[in-house]
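Step one of this worksheet: look at the structure below.
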4 protein chains.
Amino acid sequence: MKRITLRSPGGLDRLELIEMLDPGPPGPGEIRVRLHASSLNFHDYGVVSGRMPTADGRIPMSDGAGVVEAVGEGMTEFKIGEHVVSCFFPGWLDGPPPVSDFSTTPGDGVDGYAREVVVRPATWFTRAPTGFSHAEAATLTTAGLTAWRALVVNGRLKAGDVVLVLGTGGVSIFALQLAKAMGATIIATSSYDEKLERVRALGAGYTINYRQHEDWGMRARDWTGGHGVDHVVEVGGPGTLAQSIAAVRVGGHIALIGVLTGRAGEVPTGALMAKQARLEGLIVGNRSQQMDFVRALEAMDLHPVIDRSFGLAEMADAFRYEESGAHFGKICLEF
Amino acid sequence: MKRITLRSPGGLDRLELIEMLDPGPPGPGEIRVRLHASSLNFHDYGVVSGRMPTADGRIPMSDGAGVVEAVGEGMTEFKIGEHVVSCFFPGWLDGPPPVSDFSTTPGDGVDGYAREVVVRPATWFTRAPTGFSHAEAATLTTAGLTAWRALVVNGRLKAGDVVLVLGTGGVSIFALQLAKAMGATIIATSSYDEKLERVRALGAGYTINYRQHEDWGMRARDWTGGHGVDHVVEVGGPGTLAQSIAAVRVGGHIALIGVLTGRAGEVPTGALMAKQARLEGLIVGNRSQQMDFVRALEAMDLHPVIDRSFGLAEMADAFRYEESGAHFGKICLEF
Amino acid sequence: MKRITLRSPGGLDRLELIEMLDPGPPGPGEIRVRLHASSLNFHDYGVVSGRMPTADGRIPMSDGAGVVEAVGEGMTEFKIGEHVVSCFFPGWLDGPPPVSDFSTTPGDGVDGYAREVVVRPATWFTRAPTGFSHAEAATLTTAGLTAWRALVVNGRLKAGDVVLVLGTGGVSIFALQLAKAMGATIIATSSYDEKLERVRALGAGYTINYRQHEDWGMRARDWTGGHGVDHVVEVGGPGTLAQSIAAVRVGGHIALIGVLTGRAGEVPTGALMAKQARLEGLIVGNRSQQMDFVRALEAMDLHPVIDRSFGLAEMADAFRYEESGAHFGKICLEF
Amino acid sequence: MKRITLRSPGGLDRLELIEMLDPGPPGPGEIRVRLHASSLNFHDYGVVSGRMPTADGRIPMSDGAGVVEAVGEGMTEFKIGEHVVSCFFPGWLDGPPPVSDFSTTPGDGVDGYAREVVVRPATWFTRAPTGFSHAEAATLTTAGLTAWRALVVNGRLKAGDVVLVLGTGGVSIFALQLAKAMGATIIATSSYDEKLERVRALGAGYTINYRQHEDWGMRARDWTGGHGVDHVVEVGGPGTLAQSIAAVRVGGHIALIGVLTGRAGEVPTGALMAKQARLEGLIVGNRSQQMDFVRALEAMDLHPVIDRSFGLAEMADAFRYEESGAHFGKICLEF
C-alpha cells in the first residue's frame, strides 16, 4: 500500500510516494476504507506548496473517496462494499459552524487521503451518490459542498433566481451546474472565450469575458434589466468584490468563499450598504449538509465536470496543471 | 363583448352569458385587459355552485389572463400588448398574509374574469410568463401560486427533498412539476392506475393507488427507507391528514391547502407532535411571490398540464367535467 | 448512596428507594455528577404511573442537576465543582430533530436521575446557569427547554409579540416568564381565579378563566383588537386546539407541545387553513439550544417558579401532588 | 404656520424659517398632521450640509411626529387626535427592500417634516407608541427603526445574545436599549469615559474606550471568553470593520448601517470569510416593521434617550451641536 508524504517545509518537489503500514482493522465506530480517488482544491494547494505550514510528513488532500472494506463493532450506518466520501470538517456534524480552524481537517491539521487505505471513525465519511465514480465522489468533500452550502443552505436558492459565478474553477462550475439544475438562470465570467463557450453549453444564459470588460459586474446587472443578480458565488475576494457588489440586486446575497485575489483589500462598503446586500463568508459545510447534498445529486442525476485525472505518483504534476489555470472544473487523482 | 353573470342563489344552471358594457379607458394606475382565458378551481366551484354565497349578478372566476389593451396615465410597469395574469388577493402585494378573507378576491368578493374585457388597477395583475398561452397563464393565479407557495415559499424546497402529492388535481400536478424541475423526488397518489401512469411519465418516482392501499402514508414513508417525506401537499384535509402525518419525516412539513374531505375531523395531534412536524395552512399567495413564480417558470421553461379547455358559453359544462373527477391537471376556459 | 427503582408494571406504589452501587470513576469523555435535584414532568408521570411501559428496575426522572465530582481523561468542557444539568435527548447535539423516540431519554429508554450519583458522557449534560439552585437548574431539562424552543427557536419570538399560554403548569409558566422578559405581551388562562391573579403578578396582561368562558380563544383574539395572538403555547392538544386556532392571528404560530387532553380528536382544519397558521409539533430540544437557553437565563437573571420540593423518598407524594393539579409552576425533588 | 426651507447649494447657513401655505384638507386616503417634533440623523445632516445635493427650497428632515388633525374620505386606519410618526421609505410597505434610493424619502427626494403641518397619504405614517412624547416618537422613523431592523428583523436577536454597539449616537443607544430589554448582553465603545459610564447605567455589561484600546474588537471577543459577539451594530464602516470582524463570533452577524468613517476602505475579507460571518447592509426599514416596532416599544415601555431638543428656528444650532459629537443618544426638534 502506498501513501504520499509531504516533507517540510512543503513545496511540490517535497511530495514523496512511499509505502505505508497497514492501518489494521477498524475499532468500534470506525470503518476501514480502500481509497480510490481524491480531488485538488485551493486549500490543498496552500498546504502542499508550503504556504500553509503543516506537520512534517503530513499526508495531504482533504478529499477522499473509496469503498468500505471493513466495519468496526456496532457499525450500522455503513456496510462493507459501500462507496463513501470524506468530510472536510469531521467534527462538525450538524448545526451552525463551531470554530473555523483546520485542526481536524484531513490533509491539513491531520493526515489526509493521498493514500490507499485509511481507518477512521465512520462519521468522518458519508455515503457517496449512487452511480458516481470515485473521482466524481471525491469532488464533493470540498468544492461540491462549498457550492451547495453557498447556494442552497445560505442562499436558499429558488427556481428563477439569477446566479453569477466567477471563473471556471471547481466551485464555480459546480455552482453553475447545481443552480441550473434547480431552475436558476446563470451568468458566468472567464478570461477565455473558449471557456465561456463551455459554460454556455452547461446552461449559462449570459457570459462575460472579464478581461475584455472590466465592468463585468455592471454588465451582469444590466443583463437582468437593471434589477441585479440574486446570488454571487464570490471566489475572488477583494479583487472582484467591487464588481460583485455592482452586480447584486438590492437585498441580494454574495457568498464569500474565496481568497484568490488576496485576504484584504479596498471594498466599497458604502455600496454594499446601499444595496442592503448580505455578504456571507463560508468554509465548506457540515456532515448533515453533505448527506443532503448527496441525496440531491442522486435525485437530479447531476455529475460534476472533471477536467483531468492523475495518478497518485503524479500528484505534483496535477498541482502544476492546476497552477497553469488551464483547467475547467475539477482536477482529480485516481488510484 | 360578453360576460358571465351568476344569478342568486348560484348553481351551474344559474350561469348566464350576457352582453357587457364597455368598461371604457383605464384611469391613472389602471390597465385595460382583453381577457382570453381563465381556469377552474375548487374555490370557483364553491362560488358558482352556490355553496359559498356571493352577490347576485357576480362575474365568477378568480383566474384571468389576457393582453393589455390600454394603460392609464403614469403607467410604466405594463405596456400595450403585454400578456398579463390576474392576482388572487389584489390587495396583498408583499409580506406575510394580512387578513384571510375573500372580500377583494375576483370571482368572489368582487367581480371576476369570466368576461372579455376588464379595467383594473395594474397591481391586480402581473406579467405572464413569456411563451405561455393565455390558458396556461391563467392557471398561475390560484393553483400555480398555491403550489409555488406551499413548496418554495413556505417549504423552502431544496433539491433532493421528497415531496408527496395527493391526487391529480391542478395544485397537485403543478406541485409535482415544480418539485421535479427543482430537483426533488416525487411520490404521488391516485385512485386510478392510468393516472398514476401519467404522473410517472411526469417524473414521479413512486406512485400509490390509495383506493387499493389505505395505508398509503405508511407506504410512502417505507419507500423513503423509513425516513419519511420532507413535504406533503395536503389538498385533502381531515380525511387524508392521518396518512399524511404517517408519511412525513421527523421535522417535516405538511402544507395544508385543501378542504376536499371537509373542514373539520379527527386528527392524530399526538402523532403530529411526535413527528415534530409543521402543519402550515395557506391560501394562494401575494403578488410579489407571483412575480417570482413567473420568473421561475420562464427559467425552467415549465408549462402546466391542461386537461381540456371550454368556451365561455360552456362554463357550466366545464364545471360539470370538474365534478366528474375525470380530469388530470387543469381545466380551462378560453375565449 | 441511594436511588429510586421503578418496579414493573409501574405505578406510584412501585417506586422503591434502594442503595445503589458506586458507579466508579468517569472514563474518557465522561463526568461523574453528584445529583442534588430533579423536577417532575408529564412525561415522567407517564413512565412512573406505568402508562408508558419501561424496563423493570428503571431509575426514573429525565431532569437531573448537580455538581461535577470527577472528570474523565481529556475532559476540557467541565471542571470539578461545576454545576451541570442533564439533557433530555443526549444524542441530539445540534441541528434539526433526528428521530423522535425516547430510547436514549434518561428516565425512559435508559436510567434517569432519581439517584445521588451518575457517571455519563459529558455531552449528556450542559452547564447550569450561574446563580441557580439545583432545583431551579433541574427544571431546564424538559419544561424549560420546551418553552424556549417553542417560543424562541421555532417561534422566533420578538418584542411586542402576543403570546397565549394555557394553564399554569411548568411549561406554561416558563413560557410566560420567558416571553415577558423578552418584551412580549402575555395572555394566560386557568380555571382558578387565584392562579390568574398569580400570572398577572408575573406580568400577564390579560387573563381568562376558561371554565367560565368556553370561548376563551375568541376572547383572547378580541383582546388583541381582533388581530389575534402571534403564538400559542398549546399544551392541551385536541381539547383546546379549536380555541387556540380561534385565538391565533392570520399567519400566526401554534406550538403543539402537549397531549393533556388526548392524542387525537376533532380539529377544525379548515379554520387552521383559513388562518394560514403554522401548527408545529415539538418535543423538548437539542443540547446546543439548551446551552443558548442557559446563557439567556443568566443574561436576564430569570429564575423559574418552583411550587414545592420533595425529598427523593417522597417521590410518590410529589407525583400525587402533581396529579391533584393544585400546583403553579414546577414541582421538584431535592436531595 | 412655519416651515424650514433649504436654499441651494445647502449648508447650515442656508436654512430659512419661512411662512408656509396652508396645505388644505386631506384628500381620499390622506391625513393632515399637525407636526410637533423631528429628530436629527446623519442622513439629514448630509442633506442640510449640502453634501447630498437636493432640490432648491427643499423642506428638510425625514423624521416627523405629531397629531392627526383631519382625515380624508374613507380613512379608517387613523382617527382625528391620534399621534403618528412618519416613515422613511413611504413606498416600501412590506416585504424585502425594493430599490435603495431616496427619491421618495421625506427631507431628501421629497419635502420633509421641518414644518408645522403636512397633508400626506396615510401610509406615509404609522401610529406612534402610546405614552410617547412627540420628540420620542420622532426618533423612531430613522434611528429607531434602523436599530430594530438590524437586531430584530435581520439579526433575529434572542435573549442571551451578545451585542456590540459602537459609539453613543442615536442608532447605537437605541440598539443598546432594545437589546438589553430583550434579554441580550451588551458591549459598548466610546472615546469618552463619561459616556461609557452612562452606557453602563443603561445596562451595558462591558465597555471599552476605543481611543485607549485600538484593539477594541479583540477585547470585546476576549470578554466573551474568546467565543465572540453574536451581533455588531456597525455604524462606522471601513474604519471600524476590521475590529468588528475581530469581535464577531464564528457564524456571527454584523449589521452594516453606517458610513461614518467613509464609503470605501481596506477590509480583511479573508478574516470575514474565516469567521463565516454575515455582513449585511441595511437602510432603515419598511412600514410593517415600523408597526411591529411601535408595538414592541409599548410592550416594553421603552423610551429612547433624548440628549437635547431645539426649536424649529434653532435647527442650524441643533446640527452644529450634532457636529460637535458631544451628544449621547438623540437630538430632537420640538415645535
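Quick one: which of B:Ala313, B:Ala247 is more than 14 Å from chain C (Cβ to nearest Cβ) and under 30 Å from C:Pro238 (Cβ atoms)?
Sole residue among the options that is more than 14 Å from chain C (Cβ to nearest Cβ) and under 30 Å from C:Pro238 (Cβ atoms): B:Ala247.
Please find, among D:Val250, D:Val229, the residue that is out of contact with any strand residue (DSSP E or B) (no Cβ under 6 Å at 6 or more places or on another chain) and over 14 Å from A:Thr269 (Cα atoms).
D:Val250
Being modelled with pLDDT under 95 and not in a helix (DSSP H, G or I) is the requirement here; does A:Thr126 meet it? I'd like the intermediate steps shown before the answer.
On the way: modelled with pLDDT under 95: no; not in a helix (DSSP H, G or I): yes.
So A:Thr126 fails the test.
Taking segment A:283-302 as the search range and keeping residues that are within 7 Å of another protein chain (Cβ to nearest Cβ) and of a type outside the set (Asp, Glu), which one is nearest to the chain's Cα centre (by Cα)?
A:Ile283
Which one is farthest from B:Ala179 (Cα to Cα) among residues in segment A:159-181 that are within 9 Å of another protein chain (Cβ to nearest Cβ) and in contact (Cβ under 8 Å) with a residue 60 or more places away in the chain?
Applying the filter and picking the extreme gives A:Val162.
B:Ala114: away from every other protein chain (no Cβ under 14 Å), touching a residue at least 12 places away in the same chain (Cβ under 8 Å), over 19 Å from B:Val259 (Cα atoms) and within 17 Å of the chain's Cα centre (by Cα), yes or no?
Spelling it out, B:Ala114 is indeed away from every other protein chain (no Cβ under 14 Å), touching a residue at least 12 places away in the same chain (Cβ under 8 Å), over 19 Å from B:Val259 (Cα atoms) and within 17 Å of the chain's Cα centre (by Cα).
Can you pull out every residue in segment C:299-321 that is in a helix (DSSP H, G or I), over 13 Å from C:Val152 (Cβ atoms) and either in contact with a helix residue (DSSP H, G or I) (Cβ under 9 Å, 6 or more places away or on another chain) or not small (Gly, Ala, Ser) (or both)?
Correct list: C:Leu312, C:Glu314, C:Met315, C:Ala316, C:Asp317, C:Phe319, C:Arg320, C:Tyr321.
Exactly one condition in (1) more than 22 Å from B:Ala299 (Cβ to Cβ); (2) in contact with a Leu (Cβ under 9 Å, 6 or more places away or on another chain); (3) in a loop (DSSP other than H, G, I, E, B) is false for B:Ile80; which is it?
(2)
Going through A:Leu21, A:Leu93 one at a time, which residue ends up being aliphatic (A, V, I, L, M), assigned to a loop (DSSP other than H, G, I, E, B) and either more than 20 Å from A:Trp148 (Cα to Cα) or out of contact with any Lys or Arg (no Cβ under 9 Å at 6 or more places or on another chain) (or both)?
Among A:Leu21, A:Leu93, only A:Leu21 is aliphatic (A, V, I, L, M), assigned to a loop (DSSP other than H, G, I, E, B) and either more than 20 Å from A:Trp148 (Cα to Cα) or out of contact with any Lys or Arg (no Cβ under 9 Å at 6 or more places or on another chain) (or both).
Please identify the pairs in which a residue from segment C:193-205 that is closer than 13 Å to C:Val165 by Cβ has its Cβ atom under 8 Å from the Cβ atom of a residue that is among the polar types (S, T, N, Q) and in a helix (DSSP H, G or I), counting only partners at least 6 apart or on another chain.
So the pair list comes out as C:Leu202/C:Gln177; C:Gly203/C:Gln177.
Are there helices (runs of 4 or more DSSP H) fully within segment A:192-298 with at least 2 residues that are buried (at least 23 other Cβ atoms within 10 Å of the Cβ)? List them.
A:216-223, A:238-247, A:269-274
For C:Ala175, indicate whether it is buried (at least 24 other Cβ atoms within 10 Å of the Cβ), assigned to a helix (DSSP H, G or I) and either among the small types (Gly, Ala, Ser) or under 17 Å from the mean Cα position of the chain (by Cα) (or both).
Details: buried (at least 24 other Cβ atoms within 10 Å of the Cβ): yes; assigned to a helix (DSSP H, G or I): yes; either among the small types (Gly, Ala, Ser) or under 17 Å from the mean Cα position of the chain (by Cα) (or both): yes.
When the stated conditions are applied, C:Ala175 passes them.
Given the criterion more than 30 Å from D:Gln177 (Cα to Cα), at the interface with another protein chain (Cβ under 7 Å from one of its Cβ atoms), in contact (Cβ under 8 Å) with a residue 40 or more places away in the chain and charged (D, E, K, R), identify the matching residue among C:Glu334, C:Glu266, C:Glu280.
C:Glu280 is the lone residue from the list that is more than 30 Å from D:Gln177 (Cα to Cα), at the interface with another protein chain (Cβ under 7 Å from one of its Cβ atoms), in contact (Cβ under 8 Å) with a residue 40 or more places away in the chain and charged (D, E, K, R).
Given the criteria part of a strand (DSSP E or B) and either not basic (Lys, Arg) or not assigned by TED's automatic domain parsing to the domain that holds D:Ser324 (or both), does D:Thr146 qualify?
Judged against the criteria, D:Thr146 is not a match.
Please work out which one of (1) in contact with a strand residue (DSSP E or B) (Cβ under 7 Å, 6 or more places away or on another chain); (2) part of a helix (DSSP H, G or I); (3) closer than 26 Å to B:Leu145 by Cα is the condition A:Ile186 fails and give its number.
Condition not satisfied by A:Ile186: (2).
I'm trying to understand the selection: among the residues of segment B:4-25, which are under 26 Å from B:Ser133 (Cα atoms) and crowded, with 22+ Cβ neighbours inside 10 Å?
Listed by number, the list holds a single entry, B:Ile4.
Within 14 Å of chain B (Cβ to nearest Cβ), at negative phi and among the hydroxyl-bearing types (Ser, Thr, Tyr) - does that describe any residue in segment A:122-134?
yes
Within segment D:252-263, work out how many residues are over 20 Å from D:Pro98 (Cβ atoms), within 17 Å of the chain's Cα centre (by Cα) and facing chain A (nearest Cβ under 7 Å).
Looking only at that region, the number is 1.
Considering segment B:153-172 alone, what residues qualify as being in a helix (DSSP H, G or I) and crowded, with 24+ Cβ neighbours inside 10 Å?
B:Gly170, B:Val171, B:Ser172, listed by residue number.
Taking into account only those residues within segment B:210-231 that are in contact (Cβ under 8 Å) with a residue 12 or more places away in the chain and of a type in the set (Gly, Ala, Ser), which is nearest to B:Lys158 (Cα to Cα)?
Ranking the qualifying residues of segment B:210-231, first place goes to B:Gly228.
Tell me yes or no: at least one residue of segment C:53-76 is modelled with pLDDT under 95 and either crowded, with 22+ Cβ neighbours inside 10 Å or in contact with an Asp or Glu (Cβ under 7 Å, 6 or more places away or on another chain) (or both).
Yes.
What number of residues within segment B:25-55 are among the charged types (D, E, K, R) and assigned to a strand (DSSP E or B)?
So the answer is 3.
Residues to consider are A:Ser62, A:Ser49; find the one that is over 20 Å from A:His134 (Cα atoms) and under 22 Å from the mean Cα position of the chain (by Cα).
Result: A:Ser49 is the single residue among A:Ser62, A:Ser49 that is over 20 Å from A:His134 (Cα atoms) and under 22 Å from the mean Cα position of the chain (by Cα).
Which one of C:Arg156, C:Arg149 is without any contact (Cβ under 8 Å) to a residue 12 or more places away in the chain, closer than 28 Å to C:Cys87 by Cβ, within 13 Å of chain D (Cβ to nearest Cβ) and charged (D, E, K, R)?
C:Arg156
The values are calculated or read from the model by the stated rules, or taken from the named source; none is laboratory data. Computed from a prediction, not measured in an experiment: that's the story for all the values here. Cβ sites come from the backbone with ideal geometry, for glycine too, and all protein chains shown count toward neighbours.
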